[in-house]
Amino acid sequence: MHINEPGPYAEVERASSAYELALTTNDVAQLDALFWDSPHTLRFGATENLAGYDEIRAFRLQRPSKGLMRTVTGRWITTFGDGFAVANITFARDGEPRVGRQSQTWVKIGGDWKVVAAHVSWMDEPKPQR
């Protein structure tokens, strides 16, 4: 299996960037398009556990559309072959002292990269490494 081949890596990087833009601009249709439309899709958020595309979509429709801006402070992508990848970011929000973390599992389905599992959490600012 090939890890981080340039083609799949660039595709996932573009998909991840498209997700970030859609999230911060509250483009619900684009967010929906980037997730796998399946009852098997999972999204564990900072305050919710959502199982299935329909629950995730319903959450997005009722979510406040303000305060979504954030700054990505780190991004790590690993592709496995040409159809599976994980993407992780850390992020910061103005006025929020905690560090945000997001993990996504991406699978190429029908020629398009889709999030099949996602997790968002907060942690206290990490202590400096020794």
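The values are calculated or read from the model by the stated rules, or taken from the named source; none is laboratory data. Just so it is clear, the structure is predicted and the values come from calculations on it, not from any experiment. Here Cβ is always computed from backbone atoms with ideal geometry, including for glycine, and neighbour counts include all displayed protein chains.
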Out of curiosity, is G45 farther than 17 Å from R93 by Cα and touching a Ser or Thr at 6+ places or on another chain (Cβ under 9 Å)? no
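Determine, yes or no, whether L61 is of a type outside the set (G, A, S), modelled with pLDDT under 95, outside any loop (DSSP other than H, G, I, E, B) and farther than 12 Å from A118 by Cα.
Working: of a type outside the set (G, A, S): yes; modelled with pLDDT under 95: yes; outside any loop (DSSP other than H, G, I, E, B): yes; farther than 12 Å from A118 by Cα: yes.
Taking the combined requirement at face value, the residue satisfies it.
One line per residue, one yes/no per condition, for (1) closer than 30 Å to E5 by Cα; (2) outside any helix (DSSP H, G or I):
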residue: A22; (1), (2): yes, no
residue: A29; (1), (2): yes, no
residue: S38; (1), (2): yes, yes
residue: D54; (1), (2): no, no
residue: I77; (1), (2): yes, yes
residue: W113; (1), (2): yes, yes
residue: V120; (1), (2): yes, yes
So in the range 76-91, with the set limited to residues that are out of contact with any helix residue (DSSP H, G or I) (no Cβ under 7 Å at 6 or more places or on another chain) and surrounded by 15 or more Cβ atoms within 10 Å (Cβ to Cβ), which one is nearest to T24 (Cα to Cα)? F91
Read through the list (1) within 16 Å of the chain's Cα centre (by Cα); (2) over 30 Å from H2 (Cα atoms); (3) basic (K, R), then give the number of the only condition that R98 fails. (1)
Out of the residues in the range 79-95 that are under 20 Å from L21 (Cβ atoms) and part of a loop (DSSP other than H, G, I, E, B), which is farthest from the chain's Cα centre (by Cα)? D94
Testing E11 on (1) loosely packed, with under 15 Cβ neighbours inside 10 Å; (2) more than 12 Å from V115 (Cβ to Cβ), one condition comes back false. Which one is that? (1)
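Between G45, G95, G67, which is without any contact (Cβ under 8 Å) to a residue 24 or more places away in the chain and among the small types (G, A, S)?
Values: G45 fails: without any contact (Cβ under 8 Å) to a residue 24 or more places away in the chain; G67 fails: without any contact (Cβ under 8 Å) to a residue 24 or more places away in the chain.
When all the criteria are applied, what remains is G95.
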